[in-house]
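Notes follow once the structure below has been shown.
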Amino acid sequence: MRAQVRALRERGLAYNEIAAELGVSKSSVSLWVRDLPRPEGLSYEECRRRATEGVRKYWDAERPLREAERAAVRVAAAHEIGLLSDREILIAGAVAYWCEGGKNKPHRRDDRVSFINSDPALVKFFLRFLDVAGIDPGRLVFRAYIHESADIDAAQRFWLDVTQAEPAQFRNPTLKRHNARTVRKNTGDDYRGCLRIDVLCSTELYRKIEGWAEAAMRGPNRSDEATVSPGSRADLPG
C-alpha cells in the first residue's frame, strides 16, 4: 500500500486524491510520502481535465439516484390520480384545450375547435376527451406541421398510428421552410413535428369547452356563477 501511495504521489496526485483512490487515511498518506519532494504545480489544461473528470464521476453516481427519486414521485402522483371519470376527463380536456387550442380573439370570433400539439400522449388524451364529449371520429380532420428537412412520410405514418384515424382524414402536411442560420434542437429520428386536430361543425363544442374551462378555472369563490351560461354546468355528467 505504501508503495502505491508513493507511486501516486510521484505522479503528482494530491493527498486527498490519493486517499480517495486507495481508501487510506490522509494522515497515512502524509506519513508515507513526506520525504518526497513536493510535485510541481499542475498545468491549466491538467487542472481542467481533472475537474471535468471529477464532475463526470460525480454525475455518473448521482444521476441514477436522482432519476430513481423522480420516478418514485411520478409513480406516487399517478396513484393519487387513479382512473378518471368522464366528468374529470371533460374538465381536464377543456383546460388542456384552453392551454393549447385555438381560441376566439376580441377582433375575431370563430367558435371553432382546433387543437395542435407535438406530444403523442396529449394528442391521445385530447381524442379521448372528444370521445367523452360525444364527438363522432368521422368529424375530425388532421394535419401535420413539420420542418421540410424532416422525414415527412415517417411523420405521417407516426401520427396515423397515434390517432388510429383513416388516411383520408389527413390533409397534406404544412411544411416549415428550413433556415440554415437557426440552430434547431428538435431534430433526429424521433422528431415528428406537431399534429393539428380540427373538429368539423364544432361551434357548440367550442362554446361548451369555453364554459367547462371557465368553471374549472374560476376557483373557490363561487359568487360569479351567474357569468356562466345556464347550460354549461348541466353539460357536465355526474
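Relative to the longest principal axis of the Cα atoms of the chain, the long axis of helix 203-217 lies at roughly 50 degrees. Summary value for the chain: 20 percent relative contact order, contacts being C-alpha pairs under 8 angstrom separated by 6+ residues. The angle between the Cα long axis of helix 44-81 and the longest principal axis of the Cα atoms of the chain comes to about 40 degrees, rounded to the nearest 10.
Per residue Cα convex hull volume for region 2-41, in cubic angstrom? In region 2-41, the Cα convex hull volume per residue is 57 Å³. Here's the list of aspartates and glutamates a cross-link from K57 could span, going by alpha-carbon distance under 15 Å and ignoring same-chain residues fewer than 8 apart: E17, E21. By other beta-carbon atoms within 10 Å, ranking H79, H107, H147 with the fewest at the front produces H107, H79, H147. Tell me, C194, C47 in order of fewest to most beta-carbon neighbours within 10 Å? Lowest count first: C47, C194. Rounded to the nearest 10 degrees, the inclination of helix 86-100 to the longest alpha-carbon principal axis of the chain is 70 degrees. Return the inverse of the average 1/r over all pairs of distinct C-alpha atoms in the chain, which is the Kirkwood hydrodynamic radius, in Å to one decimal. Averaging 1/r across every pair of different Cα atoms and inverting gives 23.7 Å. Footprinting exposure proxy ranking of E210, E53, fewest other C-beta atoms within 10 angstrom first, gives E53, E210. Within the straight-line cut-off of under 19 Å between alpha carbons, the lysines reachable from K176 are K185, sequence neighbours fewer than 8 places apart in one chain being disregarded.
Taking a straight line from the alpha carbon of K124, these aspartates and glutamates sit under 19 Å away, with near neighbours fewer than eight places off in the same chain left out: D86, E88, E100, D136, D161, E166, D190, D198.
Bear in mind these aren't lab numbers, they're just calculated from the coordinates by the rules spelled out. This one's a predicted model, so the numbers in the text were calculated from it and none came from an experiment. Note: ideal-geometry Cβ built from the backbone for every residue, glycine included; neighbour counts use all protein chains shown.
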